[in-house]
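Undergrad: Below is a structure I'd like to ask you about.
The values are calculated or read from the model by the stated rules, or taken from the named source; none is laboratory data. Fair warning: this is a prediction, and the values are worked out from it, not measured in the lab. Glycine also receives a Cβ, built like all others from the backbone with ideal geometry; neighbour counts cover every protein chain displayed. We work out accessible area using only protein heavy atoms, side chains counted, and drop any ligands, DNA or RNA first. Shrake-Rupley method; radii C 1.70, N 1.55, O 1.52, S 1.80 Å.
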Amino acid sequence: MCDTCGCGSEHDSFTLHKVNETTEHVHEHRHDHENHHHSHTDVDKKVLNVETDILFKNNLLAERNRGFFEAKNIRVFNLVSSPGSGKTTLLEKLIEQLKPSMKVYVIEGDQQTSNDAKRIETAGANAIQINTGNGCHLDAHMINHAVKALDPEENSLLFIENVGNLICPALFDLGENTRVVIASTTEGEDKPLKYPGMFQSSQICVLNKIDLLPYLDFNPEKFIANLKKVVPGQPLFQLSAKTGKDLEKLTDKLLS
Ligand SMILES: Nc1nc2c(ncn2[C@@H]2O[C@H](COP(=O)(O)OP(=O)(O)OP(=O)(O)O)[C@@H](O)[C@H]2O)c(=O)[nH]1
Ligand SMILES: [Mg+2]
């Protein structure tokens, strides 16, 4: 069990899938704490300490990842969103645009299936899938293993598609340069207000599925106002990953 969010992923067990290759199962042993009687205060302290410890360890590993990326001049983007907001569709389109000029790699994170890694390979980038089992976020340790398996070239781009979840991935630095949060018009205007941590921990916000605006009661102005309330001045890119409308503005920003 993950003591930070209770989702069961504290890098004790996850699987890596290279598309069309054998699965590597990564398992690390974690010692459970002995069962003692505690006052509420003791238990609260323990929970807080364990959580701090997990994030502290994650941050150390994230710095190690960052050092590796810096040494190889690999630019890394961590894409976070709720399930289905269009992360993989956006990546497919970005790969199409970027692959003539740059080598692009993708680490895919989902609880189960290699569907997204297969989509990415079809789009023309090297991909590896992390299945987190019960886990609801990627952590720096998983990325460390995935990067070793993926073996990205120097001067390349690496995109990480996090597990669809607007809460827990906000806590876990993966060693990325830039975190990109993707909201979509079908999710409603209030997501920045309801999940501020995710928007505040990101450097870029994408509002996807603008092609659907004529069919929805979604009001982009309200979304913009809500985003401003929680993270004033955050760059926002309104686009359609499906049609490609206004995608170049985001690509330019990512490469700037
Ligand atoms: N109309 C419209 N549909 C989109 C757009 N982007 C993605 N979709 C659709 O939204 C659905 C989910 O897209 P994905 O790209 O799989 O979303 P995801 O965020 O990768 O989903 P998970 O990996 O499951 O979290 C698919 O049916 C896409 O075709 C868009 O810009 N416009
Ligand atoms: Mg996806």
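Undergrad: Taking a probe of 1.4 Å, how large is the accessible area per residue of the chain, in Å²?
TA: On a per-residue basis, 49 Å².
Undergrad: Any chance you could run the full-extension gain for E24 through F56? It's 0.36 nm times the residue separation minus the Cα-Cα distance, nm to one decimal. Don't jump to the answer; show the numbers that get you there.
TA: Values: separation 32, 0.36 × 32 = 11.52 nm, distance 2.63 nm.
Difference between extended and current length: 8.9 nm.
Undergrad: Would you pull out the residues with amide H under 5 Å of I204's amide H, same chain only if 5 or more places away, H placed 1.01 Å from N?
TA: R179, V181
Undergrad: What's the longest uninterrupted piece of the chain once you rule out the trypsin sites (Lys or Arg not before Pro) that are loop residues per DSSP with at most 13 other Cβ within 10 Å? Don't jump to the answer; show the numbers that get you there.
TA: Working: sites that count: R30, K245.
By the stated rule (loop sites, at most 13 other Cβ atoms within 10 Å), 31-244.
Undergrad: Hey, could you grab the Kirkwood Rh for the chain? Inverse mean 1/r over distinct alpha carbon pairs, Å, one decimal.
TA: So the Kirkwood estimate lands at 19.0 Å.
Undergrad: Hey, another quick one. Any idea which of P192, A225, M142 is furthest toward the positive side of the dipole for the chain, if Lys and Arg beta-carbons carry +1 and Asp and Glu beta-carbons -1?
TA: Checking the options against the dipole of the chain, the answer is A225.
Undergrad: Here is a follow-up. Using the Cα gyration tensor of the range 185-253, with a ≥ b ≥ c the square roots of its eigenvalues, what is the shape: rounded (a/c below 1.5), prolate (a/b larger than b/c) or oblate (neither)?
TA: Oblate, because a/c is 1.5 or more while a/b does not exceed b/c.
Undergrad: So which of K57/K249; K57/K99; K99/K242 end up more than 27 Å apart, counting from Cα to Cα?
TA: K57/K249; K57/K99
Undergrad: Now, a different point. With runs of 4+ DSSP H residues as the only contributors, calculate the mean residue ellipticity of the chain at 222 nm using -39,500 (n - 2.57) per run, divided by the residue total and rounded to the nearest 500.
TA: -11000 deg cm²/dmol
Undergrad: If you take the square roots of the eigenvalues of the alpha-carbon gyration tensor of the range 59-153 and sort them as a ≥ b ≥ c, do you get rounded (a/c under 1.5), prolate (a/b over b/c) or oblate?
TA: Oblate, because a/c is 1.5 or more while a/b does not exceed b/c.
Undergrad: For the pair Q112 and N155, what calculated FRET efficiency results from E = 1/(1 + (r/R0)^6), where r is the Cβ-Cβ distance and R0 = 25 Å, to the nearest 0.05?
TA: Given R0 = 25 Å and the Cβ-Cβ separation, E is 0.15.
Undergrad: Go ahead and run the numbers for FRET between T251 and E221, Cβ-Cβ distance against an R0 of 22 Å, rounding to 0.05.
TA: 0.30
Undergrad: Between S184 and residues 5 or more places away or on another chain, which pairs have amide H atoms under 5 Å apart, with H built 1.01 Å from N, and which residues are they?
TA: The answer is N208.
Undergrad: Express the carbon and sulfur contribution to the solvent-accessible surface of the chain as a percent, rounded to the nearest whole number, probe 1.4 angstrom.
TA: 50
Undergrad: Using θ = phi - 60° and the Karplus form 6.51 cos²θ - 1.76 cosθ + 1.60, what ³J(HN,Hα) does each residue of the range 123-136 get, whole Hz, x for Gly and Pro?
TA: Each residue of the range 123-136 in turn: 6, x, 10, 6, 9, 9, 9, 9, 9, 8, x, 7, x, 10 Hz.
Undergrad: Now for a separate question. Would you tally the net charge around S81, using a Cβ to Cβ cut-off of less than 12 Å, leaving S81 out, and scoring K and R as +1, D and E as -1? Please list the in-between numbers first.
TA: Values: positive: K87, R179, K191, K209; negative: E161, E187.
Summing Lys and Arg as +1 and Asp and Glu as -1 gives +2.
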